[in-house]
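Visitor: Quick one: structure below, then a few questions.
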Amino acid sequence: MEIRASAEDYLETIFVLEKKYGKVRAVDIANYLNHSKPTISVRMKKFCDNGYITFDENKCIHLTEKGGEIARRIHARHTLLSEVLMAIGVSEQQAFEDACKVEHNISEETFACIKTFYEKFTNS
């Protein structure tokens with residue numbers, strides 16, 4: 001299974017919801033992303049089959065190491081890019097939306113340079 005932007009968004013959503021609520025169910029993801037529960041269920045089965053998530057006995061969803069690595073990377077990108085955009089005057093909502101678009105397509109090199117620049121800027 002190739003991980004594309006939409007898949008990264010699902011994994012990031014699981015990560016965010018797990019941090020916020022401690023447990024994640026398919027309905028939580030559906031509500032958060034404003035998707036239908038059947039759509040989420042199909043997607044979660046694919047993620048499970050490909051080793052990105054597991055289900056416990058209560059049907060709660062957990063990221064595997066493989067899924068968690070992707071989710072943490074995307075979330076870190078999203079967070080930093082949102083902060084950078086807000087620092088230059090973009091509204092919080094717009095920064096969040098734009099960061100979501102950029103986080104999937106930006107190269108590792110460019111992201112690392114943005115991160116280094118921003119850290120120097122905020123530590124000055």
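The values are calculated or read from the model by the stated rules, or taken from the named source; none is laboratory data. All of these numbers come straight from a predicted model, not from anything done at the bench. Don't worry about glycine lacking a Cβ; one is built from the backbone with ideal geometry, like all the others, and counts go over all protein chains shown. Keep in mind that these areas ignore ligands, DNA and RNA; they rest on the heavy atoms of the full protein, side chains included. Shrake-Rupley method; radii C 1.70, N 1.55, O 1.52, S 1.80 Å.
Visitor: Among the residues of the range 66-97, which ones are of a type outside the set (S, T, N, Q), more than 10 Å from the chain's Cα centre (by Cα), open to solvent by 50 Å² or more (accessible area, probe 1.4 Å) and closer than 23 Å to LYS20 by Cα? Lay out the reasoning, then the answer.
Guide: Of the range 66-97, the ones of a type outside the set (S, T, N, Q) are 66-78, 80-81, 83-90, 92, 95-97.
From what's left, more than 10 Å from the chain's Cα centre (by Cα): 66-67, 69, 80-81, 83-90, 92, 95-97.
With the extra rule that they be open to solvent by 50 Å² or more (accessible area, probe 1.4 Å), the set shrinks to 66, 69, 83, 86-89, 92, 96-97.
Scanning the range 66-97 gives LYS66, GLU69, GLU83, MET86, GLU92, PHE96, GLU97.
Visitor: Six or more apart or on different chains, Cβ atoms under 8 Å: show the pairs whose first residue is in the range 17-32 and over 13 Å from ASN58 (Cα atoms) and whose second is open to solvent by less than 100 Å² (accessible area, probe 1.4 Å) and among the small types (Gly, Ala, Ser).
Guide: ALA30/SER36
Visitor: List pairs: first in the range 78-98 and at positive phi, second modelled with pLDDT under 95, Cβ under 7 Å, 6+ apart or cross-chain?
Guide: Final answer for the pair search is none.
Visitor: A further question on this structure: Kindly indicate the residue of the range 4-29 that is more than 21 Å from HIS104 (Cα to Cα) and open to solvent by less than 30 Å² (accessible area, probe 1.4 Å) and also farthest from the chain's Cα centre (by Cα) among those meeting that condition.
Guide: ALA26
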